[in-house]
1. From the helices alone, meaning DSSP H stretches of at least four residues, give me the mean residue ellipticity at 222 nm for the chain, per-run term -39500 (n - 2.57), in deg cm²/dmol to the nearest 500.
2. Using Cα pairs closer than 8 Å and at least 6 residues apart in sequence, work out the relative contact order for the chain, in percent.
3. Please identify the helices of the chain, taking whole runs of DSSP H, that span at least 20 Å along their own axis as judged from the Cα atoms and have a mean Kyte-Doolittle score of 1.0 or higher.
4. For region 21-62, max minus min Cα coordinate along each principal axis, in Å, sorted largest first?
5. Magnitude of the Cβ-charge dipole of the chain, K/R +1 and D/E -1, about the Cα centre, nearest 20 debye?
6. So, in Å, what gap is there between the alpha-carbon centers of region 94-116 and region 1-44?
7. Just need log10 I(q)/I(0) for the chain at q = 0.12, 0.14 Å⁻¹, Debye formula, equal scatterers on the alpha-carbon atoms, no solvent, rounded to two decimals.
8. Amide H of Val90: which non-local residues (sequence gap of 5 or more, or other chain) have their own amide H closer than 5 Å, using H built in the peptide plane?
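Where a number appears in this text, it was derived from the coordinates with a stated rule and is not lab data. Worth saying up front: this structure is predicted, and the values here are computed from it rather than measured. Here the Cβ is made from the backbone with ideal geometry for all residues, glycine too, and neighbour counts use every protein chain on show.
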Amino acid sequence: MNRTPLYEWYGTEYVFEEKGADWYWALGIIALAAVVACVLFNNLLLGLVILAAAGTLALMAAKHPRTHHFMIFDTGVGIDNNLYLYQDMVDFSVLEYLDETLPPALSIKTSRIMAPHILIPIVDHDPVEIYEYISLHLPEGMHENSLMDHFISLLKI
């Protein structure tokens with residue numbers, strides 16, 4: 001990207017919560033119980049899938065968030081080296097959370113298959129200013145947490 005951004009900041013993709021040993025033990029016990037049930041019902045393939053999913057979940061839960069470079073241009077929104085053009089976006093919303101430790105977030109719905117929803121934490125900038133600028137390019141829409149967002153929050157991933 002060779003243009004100068006109108007707004008730019010750095011932020012993490014999510015808030016990391018340290019998990020104790022009991023969280024991993026609970027994951028292992030639940031996965032093991034599911035695998036045993038799969039073996040009892042002669043469904044070994046599902047048992048292997050559950051083992052792989054539990055291992056992946058444990059690895060993802062231990063992973064610390066990356067810091068990303070967020071930019072707003074006159075043509076779109078940049079995240080690291082990716083530019084999402086306004087013409088590929090459907091609508092946007094600026095979300096503020098009841099938990100004051102979480103920064104406000106710019107939520108964008110796109111027409112892209114691989115990135116249908118983009119959630120960008122707004123750090124070191126006035127969210128109203130970001131809202132006013134983005135509203136010049138996109139309509140505002142209702143953005144609520146999806147079932148997957150609630151599930152991830154419940155598991156503290």
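1. Numbers: 4 runs with 56 residues, N = 157.
Calculated at 222 nm, the ellipticity per residue is -11500 deg cm²/dmol.
2. Reported as a whole number, the value is 24 percent.
3. Working: long enough: 21-40 (28 Å, 1.96); 44-62 (27 Å, 2.45).
Going by DSSP H runs, the hits are 21-40, 44-62.
4. 32, 16, 5
5. On the way: 7 positive and 19 negative charges, 183 e Å.
I would put it at about 880 debye.
6. 19 Å
7. -0.66, -0.81
8. Lys109, Thr110, Ser111
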